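One structure below.
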Amino acid sequence: MTGETHVKTKYKTMSAKPMCRYGQQCYRKNPLHFQEFDHPSDPNAASTLVTSDGKSRVSPLSTASSSDNRSITSTVNPNKRLKSSDESVANKTIDTNIYGFYLTKVTGIDNKYNELNVKAINLKDILSETNGKLLESLQMNYMFEMDWLLEQYPKQFRSLPMLVVYGSKRDGTATREMQSQTKPYPNIRLFGAHLVDMFGTHHSKMMLLRYDNGIRVVIHTANLIERDWFQKTQGVWISPLFPPLPSTHTSDADISQTRFKTDLIEYLKSYTSIEINEWIQTIRRHDLSAAKVFLVGSVPGRHVGADNKCRFGHLKLRRLLSEFGPSAKNVDSSWPAIGQFSSIGSLGPTADKWLTNEFLSTLSAVCGVKSLVTKPRLKLIFPSVENVRTCLEGYSGGGSLPYSSQTHRKQTYLTSYLHSWRSERTGRSIACPHIKTYTRLSGDNKQMAYFVLTSANLSKAAWGQLEKNDTQLAIKSYEIGVLFIPKLFTNQEFFEISKSEDSDKLPNNCFPIPYDTPLTPYSLNDKVWTWDTPHTDLPDTHGNAWIPQT
């Protein structure tokens, strides 16, 4: 359940600039392009992005024209701010972060929040030659802009072999679109992951990077499109460089406590792809024992039986927390469970149908106890209308927060759990969140029991739903994420909550949580953002109104 929505501007100013040579067929999405070049005015036109499931999505940023230039200059200083978010890591390598967790750089915020010492990174940093001599890569995602993606690779790496994994449905629309996008690049191979359910998506966001001295795994929350890496809050986990095994030895042996290699191979096998099997063989030839995170994936299908139903989805997370999570004697019901996400699915007519029953049982799982007598409170972070209106992108940022008014009317109970997006510590309160995270915090907001970074939003399609007297778990989408357990990093029971802007000044047991604590509940005047609801009373940061396309 994702997509983009058309915005019609209400407040405009005029300017004269050179005409873009592509005219109304311009594919660029970066607002700076529209600041530099003019485009033919067509109030009824809307350029689209095509998702990997073949659905056309209108891109609000790409419909901006020169007549709306005021909105661009109000949030972007290209001589100052863009520099920090575009430059790659010069001296430090990405291996300096003990957790491997980063936020993406954001254009339009103070430069100090985009430095490496606060654990901020962009796609060019991830693919930089300073991290090693790249030999080939795999890019797995939901949405792609291939021309832009290739530009993020260093020039000497752009012709290297690349496997692109996207979602494929019966109508073949996505396949035709991806074939069209990759036609100029003979080095790129495609694999369409089969999606049976009409509501399922290939939502996993992962990179596999093979170097001349090892491989690296990257799991993140951003689509591979320009706007997702521009002014949004995204999360990235980057693995250590996993070295090759001696000689040509291949092995499924997994000596790591997290079984990361085993679980990664199991997840990749679910695609039943010859192309992906080649990457499985590459993984087998490497030592992944340095991985300190657990892999939590979702694979479409009905997973039947006591063992199989715990291999993927929220039951996989429940099993891991029951085995490796916080002790029941140290974490009680005063520790709320927190979910933070960028999309909401249909959760049922009452909270206990899935959200506060099945799903909360997973988020509140503790080591040594099968089920809790008293569940903790559930707190959910999802942007309010005011969050979206005042963010850097303005209302168009809400095009990446797909939650419909029709769905909300069927589950209005959700409002009582909702909290606004606020991230002053990272300078990202005005950067619309596309990151997805789940955790438990102590009642005084000083400690954290675990942390999940994932592509999975708040939906049964992503996490799965128990069926047939709890004997099977039904999942509709591909998802991928990682679980951080404190004792594997610090030998302590909990992470301390980071309060400083500078992560280099924090003790090792402090985790850079991406939002502020304590959380900010919705006020009486706050309304949950629904992307199909018009907003014409108050202009956004660009001076625009929001009138969804019908």
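The values are calculated or read from the model by the stated rules, or taken from the named source; none is laboratory data. Since this is a predicted model, take the numbers as computed values, not measurements. No Cβ is skipped: glycine too gets one built from the backbone with ideal geometry, and neighbour counts run over all protein chains shown. Each accessible area value is taken on the protein alone, full model and side chains, heavy atoms only, with ligands, DNA and RNA left out. Shrake-Rupley method; radii C 1.70, N 1.55, O 1.52, S 1.80 Å.
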> Can you list the trypsin sites (Lys or Arg not before Pro) in the stretch 333-379 that are in a DSSP coil and have 11 or fewer other beta carbons within 10 angstrom?
Replying inline: LYS370
>> Between GLN257 and THR415, what is the label-point separation in nm under the 7 Å Cα-to-beta-carbon projection?
In response: 4.6 nm
> Where a ≥ b ≥ c are the square roots of the eigenvalues of the C-alpha gyration tensor, would you call the stretch 101-205 rounded, which needs a/c under 1.5, or, failing that, prolate if a/b is larger than b/c, or oblate?
Replying inline: oblate
>> I need the peptides 136-146, 195-205, 465-475 ranked by packing, meaning the mean over residues of other C-beta atoms within 10 angstrom, with the highest value on top.
In response: 136-146, 195-205, 465-475
> Which order do CYS391, CYS367 take by accessible area at a 1.4 Å probe, largest first?
Replying inline: CYS367, CYS391
> Which of rounded, prolate, oblate describes the stretch 339-442, given a ≥ b ≥ c as roots of the alpha-carbon gyration tensor eigenvalues and a/c under 1.5 marking rounded, otherwise prolate only if a/b is larger than b/c?
Replying inline: oblate
>> Could you give the length gained by full extension between GLN549 and ASN308, i.e. 0.36 nm per residue of separation minus their alpha carbon distance, to one decimal place?
In response: 82.5 nm
> In whole percent, how big is the carbon plus sulfur part of the accessible area of the stretch 101-496, probe 1.4 Å, protein atoms only?
Replying inline: 48 percent
> Counting only heavy atoms of protein chains, what accessible area per residue, in Å², does the stretch 101-496 have with a probe of 1.4 Å?
Replying inline: 35 Å²
> Excluding ligands and nucleic acids, what accessible area in Å² is computed for ASP526 using a 1.4 Å probe, to the nearest 10?
Replying inline: 40 Å²
>> Please report the accessible area of LYS375 (heavy atoms, 1.4 Å probe, ligands and nucleic acids excluded) in Å², nearest 10.
In response: 80 Å²
> So between SER180 and SER523, what do we pick up on full extension, going 0.36 nm a residue minus the alpha carbon distance?
Replying inline: 118.8 nm
> Percentage of Cα-Cα pair distances in the stretch 101-496 greater than 34 Å, rounded to whole percent?
Replying inline: 26 percent
>> Using the Kirkwood formula on the Cα atoms of the stretch 264-372, what hydrodynamic radius do you get, in angstrom to one decimal?
In response: 16.3 Å
> What is the Cα centroid distance between the stretch 121-182 and the stretch 425-500, reported in whole angstrom?
Replying inline: 27 Å
>> Can you classify the stretch 378-537 as rounded, prolate or oblate using the Cα gyration tensor, where a ≥ b ≥ c are the square roots of its eigenvalues, rounded means a/c under 1.5, and otherwise it's prolate if a/b beats b/c and oblate if not?
In response: oblate
